[in-house]
Structure formats: C-alpha cells, structure tokens
Amino acid sequence: MNIKQMMKQVQQMQEKMQREMAELRVEGTAGGGMVKAEMGGSKELISITIDKEAVDPNDVEMLQDLILAAVNEASRKVDEAMSSSMGGMTGGMKIPGLF
C-alpha cells in the first residue's frame, strides 16, 4: 500500500469518526437520577434536567455538586465513546497525532 492511499484511508476514518461524534448523545446522572445532563459528542452540553426534589434553597451546594457530577459523568462517557470508536477504526493501534 502506498503512502497516498494510506493517507486517504486515514482521512476517511477521521471523517467517519467526526460524523459519529457529531451524532453522539450521552447522558450523565447524579443523585440517583435527580440531576441529568445530556451532552453531545463534541462535549457541548445539550440539556440539564433537575428533579424538584433536588432543589433545596438551604443546600445550594448539594445541587451544584450534583450538577457537576452529572456533567462530568457525561463528559467521561463522551471520552469513552470516542476511545471505543477510535479503537474500532484503527484495530486497536495507537497512532499518535491521528485523532
């Protein structure tokens, strides 16, 4: 296989991964589902849902912690999906600087 053909395949794999990540939606939750954060593949926050039971005016810090936990979980899920997707496309090979 020549280098030009290989680079074309790499570009196609990268474009496919970018499409998949653009379509990806994950959800992170905290507090037993009282706070839910939906995130897209490029880590943009799409929505946050907060159960009324999670809102206590006397404990705002708890709500803040729940929101952070849900958003961080969603972010980890995006990272896992990206890692899994890349591993599937490259056959598990680690190619520095490819993605």
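Under 6 Å between Cβ atoms, at least 6 apart or on separate chains: pull out the pairs that start in region 1-27 with a residue that is surrounded by 10 or more Cβ atoms within 10 Å (Cβ to Cβ) and end on any residue that is at pLDDT below 85 and not aromatic (Phe, Trp, Tyr).
Close Cβ pairs (under 6 Å, with a partner that is at pLDDT below 85 and not aromatic (Phe, Trp, Tyr)) amount to Met13/Met89; Met17/Ser85; Glu20/Ser85.
Of a type in the set (Ser, Thr, Tyr) and out of contact with any strand residue (DSSP E or B) (no Cβ under 6 Å at 6 or more places or on another chain) - does that describe any residue in region 37-47?
Yes: one or more hits.
Take the residues of region 1-50 that are closer than 30 Å to Gln64 by Cβ and charged (D, E, K, R): which is farthest from the chain's Cα centre (by Cα)?
By that ranking, first place goes to Lys36.
The values are calculated or read from the model by the stated rules, or taken from the named source; none is laboratory data. These numbers come from a predicted model, not from an experiment. Because the Cβ atoms are built from the backbone with ideal geometry, glycine has one as well, and the counts that use them run over all protein chains shown.
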